[in-house]
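Reading through the structure tokens given below for one structure.
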Amino acid sequence: MADNNLRKPTISVTPENYKALTQQFTPKPTFVKNVVRAFVVGGIICAIGQVIINLFIASGLSRVEASTAGTATMIFIGALLTGLGVYDVIGKFGGAGSIVPVTGFANSIVAPAMEFKREGYVLGVGAKLFTIAGPVLVYGIATSIVVGFVYYFLN
Amino acid sequence: MFNMIIPAFIVGGSICVIGQLLMDLTKPKFTPAHVLVSFVTGGAILTAMGLYEPLVKIGGAGATIPLSGFGYSLAKGAMEAVGERGVIGAFSGGVEATAVGIAAAVFFGYLMSVAFKPKG
């Protein structure tokens, strides 16, 4: 048997020791790096959004209208950058910093729709637009209705 | 024009950090889709409890551009409409308040998916 030819291990490694050893050699989790990147990228995207909103206010829109128009503009930018393939690069660097802003929502709409274009314009593009937007709308709208009901019965 | 940019950067960045921690600490259960859904839902619930409005006051776009801001608009719209129209407002208010965003997402999303080919 091959086993008999193997020399005895020179150090006694218990499973516990082995665990500790492997832990020593596994790369450290990149928590800190990811957090810093998410903060910077997410912060920059929101700062750009603020500049756009300020421009809408300067052009005479009310604060609420400007905020709505700013969100729509950011959705446009996010969708365009996804189409151009630029948002992928931002996403690889920024992690959640690129997912959480509304530009990331636009990205989650365009990316699968573009990918499944070959399956047609109805079941490909039309359906896949809502791969992630669907759940977001379902939970978002449902929550808002529950909130409305609770508010109604509390007042 | 440069009003509120620093607060937007700090508040927006911090909200994104929460998303990053959610993903990293629960790997691989929490996908980007889960992050987006929980931020919309969480934003709506925080708004109902009166906790998100102050964040919007402090952070401006830093609180409204993240998806939790979408939840904020939904919940705020529903509550305002209930105040004006009663219980029917619970159904109409949220979607009304976010109609521009939803329509923009569908329209621009469709346009870009048709216009561009996926890379790679």
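Brief remarks on what is shown
- For chain A: relative contact order, % (alpha-carbon pairs under 8 angstrom, 6 or more apart): 18
- The alpha carbons of the protein assembly as shown occupy a box of 85, 46, 39 Å along the principal axes, longest dimension given first.
- Global geometry of the stretch A:36-154, whether rounded, prolate or oblate, following the gyration tensor of its Cα atoms and the 1.5 cut on a/c: oblate
- Top positive-direction residue, dipole computed over the protein assembly as shown with Cβ charges, set B:SER38, A:VAL35, B:ALA81: A:VAL35
- Counting only Cβ charges, +1 for Lys and Arg and -1 for Asp and Glu, the dipole size of chain B around its Cα centre is about 400 debye.
- Farthest towards the positive end of the charge dipole of chain A, among the residues A:THR103, A:ALA66, A:VAL122, is the Cα of A:THR103, using unit charges on the Cβ of Lys, Arg, Asp and Glu.
- Note on the protein assembly as shown: with charges restricted to the Cβ of Lys and Arg (+1) and Asp and Glu (-1), its dipole about the Cα centre is near 860 debye.
- Set of the stretch A:33-56 residues, backbone N closer than 16 Å to the point 7 Å along the Cα-Cβ line of A:LEU84: A:45, A:48-49
- Mean sequence separation of contacting Cα pairs (under 8 Å, at least six apart), scaled by the length of the stretch B:36-119, corresponds to a relative contact order of 24 percent.
- Within the listed set A:SER59, A:SER144, A:SER108, the residue fluctuating most in the Gaussian network model of chain A (springs between alpha-carbon atoms under 10 angstrom) is A:SER144.
- When only the Cβ of Lys, Arg, Asp and Glu is charged (+1, +1, -1, -1), the dipole of the stretch A:36-154 relative to its Cα centre reaches about 120 debye.
- Gyration tensor over alpha-carbon atoms, the stretch B:5-115, equivalent ellipsoid semi-axes in Å: 24, 20, 15
- Two-site FRET efficiency, B:ALA103 against A:GLU16, from Cβ-Cβ distance with R₀ of 51 Å, rounded to 0.05: 0.30
- A dipole drawn for chain B from +1 and -1 charges on Cβ atoms has a positive end, and of B:ILE6, B:ALA90, B:GLN20 the residue lying farthest that way is B:GLN20.
- Annotation: aspartates and glutamates with alpha-carbon distance below 17 angstrom to A:LYS117 (same-chain offsets under eight excluded): none found.
- Sum of side-chain charges, A:VAL86 neighbourhood, beta-carbon under 15 Å (Lys, Arg +1; Asp, Glu -1): +2
- Cross-link reach list, aspartates and glutamates versus A:LYS128, counting only Cα pairs under 14 Å and skipping chain neighbours closer than eight places: A:GLU115, A:GLU119
- Between the C-alpha center of the stretch B:1-67 and that of the stretch A:99-126 there is a gap of 23 Å.
- Helix A:63-83 vs. chain A, principal-axis angle (Cα, 0 to 90°, nearest 10): 50
- Filtered GluC sites (Glu not before Pro), the stretch A:50-134: DSSP coil and at most 16 other beta carbons within 10 Å: none
Computed from the coordinates by the stated procedures, all read-outs in this text should not be read as laboratory data. Keep in mind that this is a model prediction, so the values were computed, not measured. Because the Cβ atoms are built from the backbone with ideal geometry, glycine has one as well, and the counts that use them run over all protein chains shown.
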